[in-house]
Structures are given as C-alpha cells and as structure tokens.
Amino acid sequence: MSGALGKDLLGLEHLSGDQIRLILDTAEPFKEVSERAIKKVPALRGKTIVNLFFEASTRTRISFEFAEKRLSADTVNVAASGSSVVKGETLVDTARNLEAMRIDMVVMRHGSSGAAKFLADRIVSSVINAGDGKHEHPTQGLLDLLTIRDHRPIAGTKVCIVGDVLHSRVARSNIWGLLKLGAEVAVCGPASLLPLGIEALGVQVFRRVEEAIAWADVINVLRLQLERMQTGYIPSVREYYRVFGVTMERLERAPRDLLIMHPGPMNRGVEIDSRVADGPHSVILNQVTNGVAVRMAVLYLLAGGKPELAEAAKGASDR
Ligand code: CP
C-alpha cells in the first residue's frame, strides 16, 4: 500500500511541509465524522489493522481504534503483556506472524527509539509510529498542529514547548512539524532536560518560564517523564513546579492571551496548574478530539485514499 505519504508514517522529520498540510487538510472533513453523529464511513472497509502497543497508552490507542472503526476497518488489539513477546518472541517475528494472517497496517507504540523504522523495513504492511522511545510521536505532532490551526495560522505563530524536552518524542514531532509549517519555535526547561545543541535546529531556548510566556502565542506543556529519567535531572518535583510550573499567576502576567496545550497524560501540580489546564485558554481536550480526525486522515492516506475524495468518503457514510 502506498499513496501520497508513501508506505509508512514513522515521523514528521522526513515529511515535507506539503505532505503535512495534506494530512491536516484531509483531517478537516473527518472532524465531522468524529465530532458529530456520523457513525462510519466505508473508506477502509476490508482492510485489517493491528494495534500493537508495547507501552501504556490511553489517548493514542483509543483514538486510533476509534479512527479505524469510523473508517470501517477491521481491527485487532495486541498488548505486549498478552502476547508471546513475554515468552521471548522478537518484534519482527511477532509482526511477521501477524502479517501471515494478511493484515494491511500495524500501528505500533514501542519503548525503543527507532523501533517503528526497524519494523517498517522488515514487513510489507504499512507501519504507523504511535510513539517510539524518545524519537517521534508523529500523530501527536499532527493533532497539535491541527489544534493550533483551528485557532490561528501556524506560519509566524510563536510556540514554546515547556518542560522535559530531552525525553519527549512529542517535542521532536512538534518541532519538525512546526518548523516545516513556518512557526517560530522555542523550548524552555532546566538545562538538564533540554537536548544539547537544540538551537542548531532553529529553535530558541528560554531558561526562565516567565520569559517563554512573555514571548509565546502558544505554550505546549510537557509531562515530566520520571519513568525515563535516572536520578539527578531535577532537584525535586516540588522545586520543578516552583521554577518551571505553568501557573495561573505566571499566565496572568502574559502580554497576550495564550493557547495552552498539553499532550497528556498530565501531572497536575507538577508541570501545570489545574486552573490553567481547565481554564479558558486550554485546548487540551480539543487536542484529544482532533486526534481521531488526524488519525483517520493518516490511515486513509496510507491506504491509498485520494485526498480530494475524503469529503466524498464522508458523504458516503453509514449513518
Ligand atoms: N499523548 C499521548 O501519547 O497519550 P497516551 O500516552 O495516553 O497515548
């Protein structure tokens, strides 16, 4: 299978601005399917998709499942804990066995950076990266772009990613996507949680969250990924919140209304104040809603769907 995006979606680093715009534009008609009472469109009828999750997920796994069902695909969910991986089977053997059952696509989350490409190079089916280690989480980057675009043109918008950028696949996909669509991008966090040399990508670095808030139009707050950290990155969670927390008091001093984003899962009172997360400028739940439409667009395009027919595919719905 291949269409305008090629066989796989492994990251945003190697997509062009036009390919990213194509996915976002294709997602637009699918928003209606995911937001309204249109139950299903037949675009992926007869296709079989395996959701292979080796790491925990709420939003990504469930929204891929919704997207697949709303496109009428047949889906199978495989969690590492319930598969023969626990008996020592390799990733490639697992995937080849799935492929032997005639599947069309694999959506995979894995703890190792590069796992999605490793798999894509070894199986014929399309692979969609649902997050690989610290590398990329392309559909999260895309749904973040769609959410910003719902509120303002992306080109020229100042987006600051605040928090644990070092361990964040979401940050990487956001940075590639935003730069390709002409946004100004910055990061802010303790030096220990920012990748060395990140400025070389064309990204500004703020050491103080107050400066980031004064500069930005959009703040994308990241979770502290304590499970990926050895000790010593931050003195304590309480100290982190005191210095880098995105709080109401800090936002009240912003020179303009900011859009507040968070990919989830959130640690309230660690990287973000509950009053900010639930406040009037938060689009955190809009991000989740857009996730279904974006994933529908990715699945549709990888299956060879014609972008100009996405509207028609919606029209041919099974209400
Ligand atoms: N944003 C995100 O990837 O959330 P999940 O880990 O719940 O899928």
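The values are calculated or read from the model by the stated rules, or taken from the named source; none is laboratory data. What you are looking at is a predicted structure, and each value in this text was computed from that prediction instead of being measured. Reconstructed Cβ throughout: ideal geometry from the backbone, glycine too, with neighbour counts over all protein chains shown. Protein only, heavy atoms only, side chains kept; ligands, DNA and RNA dropped before computing areas. Shrake-Rupley method; radii C 1.70, N 1.55, O 1.52, S 1.80 Å.
Values for this structure:
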read-out: Pair list, Cβ < 8 Å and 6+ apart or interchain, from the range 60-74 residues that are touching a residue at least 40 places away in the same chain (Cβ under 8 Å) and part of a helix (DSSP H, G or I) to residues that are open to solvent by 50 Å² or more (accessible area, probe 1.4 Å) and within 15 Å of the ligand (Cβ to nearest atom); value: 61/77; 63/288
read-out: Residues that are of a type in the set (S, T, N, Q) and touching a Leu at 6+ places or on another chain (Cβ under 7 Å), drawn from the range 113-163; value: 126, 129
read-out: One residue from 127, 187, 170 being in a helix (DSSP H, G or I) and either among the aliphatic types (A, V, I, L, M) or open to solvent by less than 10 Å² (accessible area, probe 1.4 Å) (or both); value: 170
read-out: Top-ranked residue of the range 249-265 - restricted to ones that are more than 16 Å from the ligand (Cβ to nearest atom) and assigned to a loop (DSSP other than H, G, I, E, B), ranked as nearest to residue 140 (Cα to Cα); value: 258
read-out: Matching residues, the range 13-27, being open to solvent by 10 Å² or more (accessible area, probe 1.4 Å) and part of a helix (DSSP H, G or I); value: 17, 18, 19, 21, 22, 25
read-out: Lone unmet requirement of (1) over 17 Å from the mean Cα position of the chain (by Cα); (2) open to solvent by 60 Å² or more (accessible area, probe 1.4 Å) for residue 98; value: (2)
read-out: The range 44-59, subset open to solvent by less than 40 Å² (accessible area, probe 1.4 Å) and aliphatic (A, V, I, L, M), residue nearest to the ligand (Cβ to nearest atom); value: 52
read-out: Pairs where the first residue, in the range 279-306, is at positive phi and the second is surrounded by fewer than 17 Cβ atoms within 10 Å (Cβ to Cβ) and not β-branched (Val, Ile, Thr), C-beta under 6 Å, 6+ apart; value: 304/1; 304/3
read-out: Search result, residues across the range 60-90 that are within 16 Å of the ligand (Cβ to nearest atom), farther than 14 Å from residue 129 by Cα, open to solvent by 70 Å² or more (accessible area, probe 1.4 Å) and not polar (S, T, N, Q); value: 66
read-out: Close pairs (7 angstrom Cβ cut-off, 6 or more residues apart or separate chains): at negative phi in the range 139-160, among the charged types (D, E, K, R) and crowded, with 24+ Cβ neighbours inside 10 Å anywhere; value: 139/295
